[in-house]
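Quick notes on the structure that follows.
What follows is calculated from the coordinates using simple rules that are stated; it is not laboratory data. Every value quoted in this text rests on a predicted model; they were computed, and no experiment measured them. Glycine also receives a Cβ, built like all others from the backbone with ideal geometry; neighbour counts cover every protein chain displayed.
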Amino acid sequence: MGKIMAVNISEKKGTQKVNVHSAKVIEDFGIEKDAHAGKWHRQVSLLSYQKIEDFKAKGAPVEDGAFGENLIVEGIDCRSLPVGTKLACNDVILEVTQIGKQCHSGCEIFKIMGDCIMPREGIFTRVLHGGVISEGDTIEVIEA
């Protein structure tokens, strides 16, 4: 079982996400008002809290949403979840559709640190059932 540490959105693509603390998640779409929501396989992105903290320990000046992640999750190693895994948070059900991604060339974090964790640690999901997700909520793997 894990815990939601941050809920992040960006209203425009190409901008850093910001923590909105709570958001409506729409079935087969993503997080309301997030620029990356839509009818595709990468509706909601997740990143493990510990991976972010480890990166910060190397001197990375990052805040919630800096990697483009929608949800920061403590207590679950997101990267270890296979495609097809289902996660539940309140009424929201997410299904893992992709692990990692190709980093767009020269993201701000890579320019500063020479590394970025989202391409290897981030996961992407589609929304099977909507609802509301807030900081402090529990999230759990319900089907692997």
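When Rg and Dmax of the Cα atoms in Å is calculated directly from the model, which label among (i) 13.7, 39; (ii) 17.5, 53; (iii) 16.4, 53 fits? For Rg and Dmax of the Cα atoms in Å, the calculated option is (i).
Once the Cβ-Cβ distance of Glu140 and Glu63 is raised to the sixth power relative to R0 = 22 Å, the FRET efficiency obtained is 0.25. Panel order for Val25, Val83, by other beta carbons found within 10 Å of each beta carbon, from fewest to most: Val83, Val25.
In terms of the mean number of neighbouring beta-carbon atoms within 10 Å, the peptides 12-18, 31-37, 123-129 order highest first as 123-129, 31-37, 12-18.
Remark: relative contact order (the range 17-91) = 30 percent; criterion is Cα-Cα distance under 8 angstrom and separation of 6 or more residues. The distance from the alpha carbon centre of the range 67-144 to that of the range 9-38 is 13 Å, rounded to a whole number. Computed from backbone phi, the HN-Hα couplings of the range 35-43 come to 4, 8, 5, x, 7, 8, 8, 10, 6 Hz, rounded to whole numbers (Karplus: 6.51 cos²θ - 1.76 cosθ + 1.60, θ = phi - 60°; Gly and Pro given as x). 3J(HN,Hα) couplings calculated from phi for the range 72-78 with the Karplus curve 6.51 cos²θ - 1.76 cosθ + 1.60 (θ = phi - 60°) are, in sequence order, 9, 10, 9, x, 10, 7, 3 Hz; Gly and Pro show x.
Under 5 Å between amide hydrogens, built in the peptide plane, is the criterion, and for Gln98 it picks out Phe124 among residues at least 5 positions away or on other chains.
Amide H contacts of Val92 (H built 1.01 Å from N, in plane; Pro and chain starts excluded): Val132 sit under 5 Å, all sequence-distant by 5 or more or on other chains. Helical runs assigned H by DSSP (4 residues or longer) give the chain a calculated mean residue ellipticity at 222 nm of -3000 deg cm²/dmol, each run adding -39500 (n - 2.57) before division by the residue total.
A simple rule links phi to the HN-Hα coupling: the Karplus curve 6.51 cos²θ - 1.76 cosθ + 1.60 with θ = phi - 60°, which for the range 87-92 gives 10, 10, 9, 6, 8, 6 Hz, with x for Gly and Pro.
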